[in-house]
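Working notes, structure below.
The values are calculated or read from the model by the stated rules, or taken from the named source; none is laboratory data. Note that the coordinates shown come from a computational prediction; the quantities given were computed from them, not determined experimentally. Heads up, the Cβs are rebuilt from the backbone with ideal geometry, glycines too, and the neighbour counts pull from every protein chain shown.
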């Protein structure tokens with residue numbers, strides 16, 4: 001009985017943490033799905049997340065409203081990714097190189113802005129955050145209640161966005177055209193689709209989502225800004241998109257798997273189990289490698305992913 | 001009415017004059033933006049830039065640091081050249097670097113008191129550590145190369161994922177098998193007879209830069225002067241034509257992946273044996289990615305890559321000094337560095353256009369050809 005109780009405490013703590021950690025990853029990954037479905041690998045989401053984090057932090061600090069912080073972050077994400085989209089689509093520079101350099105630029109800009117804004121301020125200033133909202137009734141269900149229904153508004157919205165993303169991608173004209181741009185831009189263009197516009201749309205959606213994910217880190221999880229707040233989570237979102245085979249629902253599952261692995265290694269360290277935590281942490285990556293290696297047959301990735309397209 | 005007209009060219013201009021002009025303009029534009037960013041901190045941009053230049057290039061000590069930073073960048077740049085010119089779009093250099101660092105640490109730990117190689121002279125240790133490190137890196141990247149050549153897997157994504165696995169592997173090694181006694185998760189300090197010797201008095205420059213230059217020469221000969229190199233480049237330019245010409249594309253790409261992994265592993269080796277002298281977590285700090293950029297700035301040419309690496313390293317060293325001396329945030333220089341590269345990349349689009357003066361519209365006689 002006592003052991004069963006400990007186990008359920010562990011389970012609740014683990015899965016709640018898993019969902020909490022996977023929230024921002026899922027948000028960024030959903031956006032990236034649109035970019036990759038349109039044929040562009042947007043590595044710049046790592047830097048965009050950081051820009052979103054600093055923007056949301058400063059705006060929330062100045063206005064006291066996390067909603068305004070979130071909105072401002074999304075606006076910055078839109079602006080920054082307009083530049084990225086121009087580099088990818090119009091200049092047709094190497095997508096990987098542009099993304100990497102953009103991430104370095106974003107780190108410079110974020111740290112410069114933070115230092116300039118905090119001149120003369122001593123000590124870290126915590127900002128207003130989105131508090132957890134237990135859903136009345138549902139949150140009281142044993143085990144499932146605390147795991148699923150005690151999160152912040154941003155998590156509930158992110159989960160709702162999975163359904164929205166799937167609907168837009170598979171059930172609307174826009175989604176069809178976007179996927180055509182990523183599968184076969186020439187044929188799509190011949191059918192009257194504006195490929196350039198679709199690819200811009202893909203990158204902009206990923207930029208807004210990534211910036212919101214950065215704001216999520218500040219406004220739900222930390223309440224502060226640090227240069228290391230993103231620390232590779234944008235790259236993890238890239239892995240999640242691939243692990244989730246470019247499908248919003250599978251991406252949601254993938255995000256949960258990555259979050260669960262992270263949360264599990266945190267709790268296993270507390271429980272002093274002999275397993276090296278790095279093994280658990282690398283498991284999702286190993287699975288992604290296996291899935292992409294071609295051993296298990298060819299995965300269907302967007303056919304024209306990373307292929308540049310020039311209008312003829 | 002006089003004016004200008006903009007026409008699109010069929011091919012970009014690629015005269016060396018236009019390339020030099022565009023690079024110069026990109027640098028100036030980025031420096032101006034950086035200068036403006038320095039204003040709020042009450043600094044004189046000209047003085048700050050002078051201090052940066054002085055620290056990175058004009059003092060013996062500072063230039064030594066620049067060479068220390070340049071060596072691993074050159075190694076990763078060379079690795080990028082081998083892989084990318086063969087059409088193997090590998091991005092896993094960060095991982096290879098870590099594997100090379102771990103392999104070098106392990107080899108050097110065999111020279112600790114009581115281990116098999118205790119007291120080994122450096123000239124015997126060096127070929128051993130190069131062999132072990134390059135082999136480990138080659139196997140690590142060869143996994144991705146094998147997936148690509150045998151099963152047609154996507155090397156871009158798998159190699160990115162392999163970087164994480166390498167990071168976790170090093171974390172595991174320093175917290176378990178290679179951990180020294182003590183509170184910190186680090187390997188033991190390596191014995192001094194395994195360190196790369198310093199080249200000059202009063203400078204931290206070590207043998208690593210010489211190794212990088214030798215590697216540059218070897219890659220240049222291999223890639224641009226040998227039959228194998230020719231086959232690699234043809235494979236990269238047009239795999240179908242290469243296959244038609246009797247070249248086994250799969251094995252060439254596998255070979256390129258070995259070369260890339262071995263070279264990138266050397267980046268980790270020179271950092272461990274020349275700078276850190278022990279394995280620590282968080283060692284790579286993006287060198288594996290900046291090396292790619294350096295190679296591209298050098299137009300995927302070994303010599304160009306060396307120049308780009310030294311310039312990039314010098315800016316980084318200068319930025320640190322500027323931060324200490326002028327109290328300016330180093331982030332300004334990161335912004336300048338990345339803007340230079342983004343401007344160079346973006347200016348590609350300019351090379352497609354021709355601006356010409358047009359005179360007043362005049363009626364030109366219609367030429368009748370017959």
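A compact table of results
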{"quantity": "Exclusive hit being more than 28 Å from residue B:310 (Cα to Cα) and in the same structural domain as residue B:133 (by TED's automatic domain parsing), set B:196, B:224, B:169", "calculated": "B:169"}
{"quantity": "Flag if residue B:284 is surrounded by 21 or more Cβ atoms within 10 Å (Cβ to Cβ), closer than 27 Å to residue B:98 by Cα and modelled with pLDDT of 90 or more", "calculated": "no"}
{"quantity": "Hits in region A:70-90 (condition: facing another protein chain (nearest Cβ under 7 Å) and buried (at least 18 other Cβ atoms within 10 Å of the Cβ))", "calculated": "A:87"}
{"quantity": "Helices (runs of 4 or more DSSP H) within region B:149-246 that include 1 or more residues out of contact with any helix residue (DSSP H, G or I) (no Cβ under 9 Å at 6 or more places or on another chain) and at pLDDT below 90", "calculated": "B:239-244"}
{"quantity": "Only listed residue being away from every other protein chain (no Cβ under 14 Å), in a helix (DSSP H, G or I) and in contact (Cβ under 8 Å) with a residue 12 or more places away in the chain, chosen from B:103, B:30", "calculated": "B:103"}
{"quantity": "Candidates B:303, B:292 - the one that is closer than 16 Å to residue B:85 by Cβ, more than 14 Å from chain A (Cβ to nearest Cβ) and touching a helix residue (DSSP H, G or I) at 6+ places or on another chain (Cβ under 9 Å)", "calculated": "B:303"}
{"quantity": "Selected residue (only one of B:242, B:260 is closer than 20 Å to residue B:150 by Cα and either touching a residue at least 24 places away in the same chain (Cβ under 8 Å) or within 14 Å of another protein chain (Cβ to nearest Cβ) (or both))", "calculated": "B:260"}
{"quantity": "Any hit, region B:70-86, residues being crowded, with 24+ Cβ neighbours inside 10 Å, out of contact with any strand residue (DSSP E or B) (no Cβ under 8 Å at 6 or more places or on another chain) and not in a helix (DSSP H, G or I)", "calculated": "yes"}
{"quantity": "Residue ranges of helices (runs of 4 or more DSSP H) in region A:53-151 with at least 3 members farther than 27 Å from residue B:328 by Cα, modelled with pLDDT under 95 and over 23 Å from the mean Cα position of the chain (by Cα)", "calculated": "A:144-148"}
{"quantity": "Qualifying positions in region A:218-232 - under 13 Å from residue A:24 (Cα atoms) and crowded, with 24+ Cβ neighbours inside 10 Å", "calculated": "A:218, A:219, A:230"}
{"quantity": "Every residue from region A:282-298 that is at pLDDT below 80 and within 8 Å of another protein chain (Cβ to nearest Cβ)", "calculated": "A:288, A:292, A:293, A:294, A:295, A:298"}
{"quantity": "Residue match in region B:157-176 (condition: on the phi < 0 side of the Ramachandran plot and surrounded by fewer than 17 Cβ atoms within 10 Å (Cβ to Cβ))", "calculated": "yes"}
{"quantity": "Residue B:116 in the same structural domain as residue B:266 (by TED's automatic domain parsing), within 15 Å of residue B:270 (Cα to Cα), without any contact (Cβ under 8 Å) to a residue 60 or more places away in the chain and over 20 Å from the mean Cα position of the chain (by Cα)", "calculated": "no"}
{"quantity": "One residue from B:135, B:97, B:91, B:112 being away from chain A (no Cβ under 13 Å), under 27 Å from residue B:280 (Cβ atoms) and crowded, with 20+ Cβ neighbours inside 10 Å", "calculated": "B:97"}
{"quantity": "Residue A:36 vs. criteria under 19 Å from residue A:113 (Cα atoms) and either within 14 Å of chain B (Cβ to nearest Cβ) or surrounded by fewer than 24 Cβ atoms within 10 Å (Cβ to Cβ) (or both)", "calculated": "no"}
{"quantity": "Tally, over region A:233-277, of residues that are touching a residue at least 24 places away in the same chain (Cβ under 8 Å) and part of a helix (DSSP H, G or I)", "calculated": "28"}
{"quantity": "Residue count for region A:208-232, restricted to those that are over 13 Å from the mean Cα position of the chain (by Cα) and either touching a residue at least 12 places away in the same chain (Cβ under 8 Å) or outside any loop (DSSP other than H, G, I, E, B) (or both)", "calculated": "10"}
{"quantity": "Residue list for region B:322-336, restricted to those being free of Cβ contacts under 8 Å to residues at least 60 places away in the same chain and either within 9 Å of another protein chain (Cβ to nearest Cβ) or within 18 Å of the chain's Cα centre (by Cα) (or both)", "calculated": "B:330, B:331, B:334"}
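Residues checked against (1) more than 30 Å from residue B:329 (Cβ to Cβ); (2) touching a residue at least 60 places away in the same chain (Cβ under 8 Å):
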site	(1), (2)
A:164	yes, no
A:167	yes, no
A:171	yes, no
A:178	yes, yes
A:206	no, yes
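A quick yes/no check of all residues on (1) over 15 Å from the mean Cα position of the chain (by Cα); (2) modelled with pLDDT of 80 or more:
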residue: A:250; (1), (2): no, yes
residue: A:255; (1), (2): no, yes
residue: A:267; (1), (2): yes, no
residue: A:280; (1), (2): yes, yes
